Amino acid sequence: MRQKLAAGNWKMNGMGPALAELETLTKTHKKSACEILICPPATLLSRASEAVNGNPVAIGGQDCHANSSGAHTGDLSAEMLREAGATAVILGHSERRADHGESNKTVAAKTMAAWESGLIAVVCLGETLEERESGSTLKIVGTQLAASLPDGANGVNSVVAYEPVWAIGTGKVPTLEQIAEVHNFLRTELTSRFGEEIADSIRLLYGGSVKPGNAAEIFATSNVDGALVGGASLKAADFSPIIQALEAS
Ligand code: PGA
């Protein structure tokens, strides 16, 4: 059985006062049946991990460098995230792929760095609207999965998040059939590469405009083990009902 995961990506949002949202989440979901992960901006990592105190909310980074140290101005290593209290890191988010030109190869290198530091890699992939409309969604996500997730992936060190680029921050959500098609495809791809036991242990999250109002139906979809949530993870009042929908699924 895969443990369900509700992950929040705060992106470049959140100053000190936002830590109060974490405190609320921690109190509300003390005995949650799912794992909860919040990825705040790096400036809040240490304070966020102190605020949640490890339980039940885990803290993660939003990116890391592939190297463990060196002359990389402005970057952070996986080890640094770990020291600041992170247990996971989001890698290959479409905003990083677009804004920072990250390739599948870069994402794979970062994933290995995350593993070496004991972080869970939340590896993101997803098609653009153009790719969906041209009918190449499965080809694109299949290529991203194969090239971004290194050999050695398993359910302990990796989570895969399917995030259609056109659904992120837009309020547009794929149909449940479209989500199921991609998630079932990803599971099949994982199975042919890693074997059934490992493939069955890797959680597949859906991300892109998940809200309290659509969470339950998304969580009832085949091979959806949770969500990676952007905008609706910023406030406990929005994220809590999503967590509750996942708990009930
Ligand atoms: P959104 O973002 O929930 O605001 O659409 C999702 C994400 O980018 O992870």
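The values are calculated or read from the model by the stated rules, or taken from the named source; none is laboratory data. Small disclaimer: the values here were computed from a predicted structure and weren't measured. Note that each Cβ is placed from the backbone with ideal geometry, even for glycine, and that neighbours are counted across all protein chains shown. To get the accessible areas, we keep the full protein, side chains included, count just its heavy atoms, and leave off ligands, DNA and RNA. Shrake-Rupley method; radii C 1.70, N 1.55, O 1.52, S 1.80 Å.
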### Query
Out of (1) under 24 Å from GLU127 (Cβ atoms); (2) in a helix (DSSP H, G or I); (3) out of contact with any Asp or Glu (no Cβ under 7 Å at 6 or more places or on another chain), the odd one out for SER240 is which?
(1)
#### Entry: Residue match in segment 46-60 (condition: touching a strand residue (DSSP E or B) at 6+ places or on another chain (Cβ under 7 Å), over 19 Å from ALA237 (Cβ atoms), assigned to a strand (DSSP E or B) and among the small types (Gly, Ala, Ser))
yes
### Query
Among the numbered criteria (1) farther than 23 Å from LEU19 by Cβ; (2) open to solvent by 10 Å² or more (accessible area, probe 1.4 Å), which single criterion is violated by ALA215?
(2)
#### Entry: Options GLN244, GLN178: the member that is away from the ligand (no atom under 15 Å from the Cβ) and closer than 26 Å to GLU23 by Cβ
GLN244
### Query
Would segment 192-201 turn up any residue that is within 18 Å of the chain's Cα centre (by Cα), modelled with pLDDT of 95 or more and open to solvent by 10 Å² or more (accessible area, probe 1.4 Å)?
yes
### Task
Name every residue in segment 193-221 that is in a loop (DSSP other than H, G, I, E, B), more than 11 Å from the ligand (Cβ to nearest atom) and small (Gly, Ala, Ser), in order of residue number.
GLY195, ALA220
## Note on the structure
Pairs returned, first residue in segment 117-136 that is among the basic types (Lys, Arg), second residue that is crowded, with 18+ Cβ neighbours inside 10 Å, beta-carbon separation under 7 angstrom, 6 or more apart or interchain, are ARG132/PRO164; ARG132/TRP166
### Message
So if I check each of MET1, MET12, which one is open to solvent by 30 Å² or more (accessible area, probe 1.4 Å), within 16 Å of the ligand (Cβ to nearest atom) and not aromatic (Phe, Trp, Tyr)?
### Response
MET12
### Task
Tell me which of these LEU45 doesn't satisfy, since it passes every other one: (1) over 17 Å from ILE242 (Cβ atoms); (2) surrounded by fewer than 21 Cβ atoms within 10 Å (Cβ to Cβ); (3) under 19 Å from the mean Cα position of the chain (by Cα); (4) of a type outside the set (Asp, Glu).
(2)
#### Entry: All positions within segment 62-96 that are within 14 Å of the ligand (Cβ to nearest atom) and open to solvent by less than 40 Å² (accessible area, probe 1.4 Å)
ASP63, ALA88, VAL89, ILE90, LEU91, GLY92, HIS93, SER94
### Task
Could you please find all residues in segment 98-131 being within 16 Å of the ligand (Cβ to nearest atom) and open to solvent by less than 40 Å² (accessible area, probe 1.4 Å)?
GLU102, VAL107, ALA121, VAL122, VAL123, CYS124, LEU125, GLY126, GLU127
